[in-house]
1. Only one residue in 309, 336, 325 is in the same structural domain as residue 367 (by TED's automatic domain parsing), more than 16 Å from ligand 2 (Cβ to nearest atom) and not in a helix (DSSP H, G or I). Which one?
2. For residues that are assigned to a loop (DSSP other than H, G, I, E, B) and farther than 19 Å from residue 30 by Cα, scanning just the stretch 72-86, find the one that is farthest from ligand 3 (Cβ to nearest atom).
3. Could you list, in sequence order, the residues of the stretch 239-252 that are within 15 Å of ligand 2 (Cβ to nearest atom), in contact with a helix residue (DSSP H, G or I) (Cβ under 6 Å, 6 or more places away or on another chain) and part of a helix (DSSP H, G or I)?
4. Within the stretch 190-200, can one find any residue that is within 21 Å of residue 391 (Cβ to Cβ) and at pLDDT 95 or above?
5. Against the condition farther than 20 Å from residue 415 by Cα, more than 16 Å from ligand 2 (Cβ to nearest atom) and surrounded by fewer than 23 Cβ atoms within 10 Å (Cβ to Cβ), how does residue 318 come out, does it pass?
6. Suppose we filter 377, 373 for residues that are assigned by TED's automatic domain parsing to the domain that holds residue 262 and out of contact with any strand residue (DSSP E or B) (no Cβ under 7 Å at 6 or more places or on another chain); which single one remains?
7. Residue 411: away from ligand 1 (no atom under 16 Å from the Cβ) and either under 15 Å from residue 212 (Cβ atoms) or buried (at least 24 other Cβ atoms within 10 Å of the Cβ) (or both), yes or no?
8. Surrounded by fewer than 22 Cβ atoms within 10 Å (Cβ to Cβ) and either in a strand (DSSP E or B) or at pLDDT 95 or above (or both): does that describe residue 49?
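The values are calculated or read from the model by the stated rules, or taken from the named source; none is laboratory data. The model shown is predicted, which means the values in this text are computed figures rather than measured ones. When we count neighbours, we look across all protein chains shown, and the Cβ atoms used for this are built from the backbone with ideal geometry, even at glycine.
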Ligand SMILES: NC(=O)C1=CN([C@@H]2O[C@H](COP(=O)(O)OP(=O)(O)OC[C@H]3O[C@@H](n4cnc5c(N)ncnc54)[C@H](O)[C@@H]3O)[C@@H](O)[C@H]2O)[C@@H](O)CC1
Ligand SMILES: Nc1ncnc2c1ncn2[C@@H]1O[C@H](COP(=O)(O)OP(=O)(O)O)[C@@H](O)[C@H]1O
Ligand SMILES: [K+]
């Protein structure tokens, strides 16, 4: 499903209003949904609504009015003067017949639920003074919080905490989720996110054309590779995984098994001769082939049946790996570059980007984690607070010419054309040695089946996260490949494919 920036959401509101609805009608829907959610969430006892000076506060005032009508005791605190409210929020304030408590931490008391309607998508500067004090006091109170649209203090476009932010039990948001609901730390402040309809027609999206999506099957289901009844293994592609030296061959084997489990028809590990015996002894369905140099890899890949290559896990950092990367890109299979393949270009990323842009096959995926990412994109580390993860990955994709996948709990995939997907299905126990190697292999396996690079990266990330959920806590990287069949079956169910 599409994800919107606050600016895109404003356009959705405006297009709806231009189409004949009133802004206040949208606010009434929003406030009533908030009240409904509050009814479900609140134990018996009073409910406190904390309203801000804009339309988010307006939603809160409508919710307060509705909750009273539903028989609840409600207290309201407003930041600023009632007379200072404008437009729809001023209309909402006229609906609220009760008193307003002073905007002080002492007014919080111990309600059954706090409805956070302080700031939503209009937050435009760091919170401080009274608002900061209230947010911190709410977080310390231990009272469950229902946030309206966004937990106050979270930037809807970036997920950043602007000074301080509410930690909500649940968040009710309208029409489409915002980017800040998925990117960290925003996601951790939202609790469960409830998406409700406030009367905005999905057709407004034809005009807005959002370019960010949640990474879930809706995004790529038609591209998911399903073996044909009349097919054979050669039709499912032949992936190559490049192995490192004798002492670090395990990473390539994990990737190779990931490629096979992702559905590649055949997988070959291109192994240094020194490590051939170790690789051969540890592999069964995966084949091995001696490859020591970049030239040898280039010669092997001249056989176009090898249609996808994964390089990086355990590859070793330096010129030898650089050479193999350039040879793979020059040969024309689809390529996924991870770990040492990326680090080998630290300080000279242009050489890599040039090679990517001049390859005959534009299906290239880079899969850095946050440590590797600034080695290629030095101005865009996560230490730069002005850029969101989404923005950083988009710039990286545009600059490199590749699909870029930046790992983490909120893995972002972006294509050079601006499309981007944010994943939120990875459990924390996926952060374990070697799990990134398996991801590289899964993507190589999908590329071998001729899934386009952006979709291959998105499907790979999603399957990897689902495989980790399927395995559960205690997961080690080896488990991921073993739970992938269950993930395939789940996608087949969605596709209506029998098995
Ligand atoms: N017609 C619409 O546009 C709709 C808007 N809705 C609600 O309206 C919200 C957006 O409303 P607004 O654009 O009025 O924005 P907000 O209500 O989120 O906040 C803007 C107000 O807060 C002030 N402000 C921003 N950052 C501040 C800070 N750090 N410290 C102190 N004050 C700060 C601004 O000066 C302004 O008065 C959405 O999040 C949603 O809850 C919904 O009612 C649905 C319809
Ligand atoms: N907190 C987290 N929650 C969920 N997934 C995570 C988290 N941290 C890391 N991951 C995922 O774990 C994997 C780790 O990959 P990587 O950093 O390459 O490790 P390795 O090199 O050991 O394989 C990535 O897929 C990443 O997205
Ligand atoms: K809020």
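1. The unique qualifying residue is 309.
2. In this case the residue turns out to be 73.
3. Residue satisfying the conditions is 251 alone.
4. Within the stretch 190-200, one or more residues are within 21 Å of residue 391 (Cβ to Cβ) and at pLDDT 95 or above.
5. yes
6. 377
7. Here the answer is yes, as residue 411 does meet what is asked.
8. So residue 49 does not fit the description; no.
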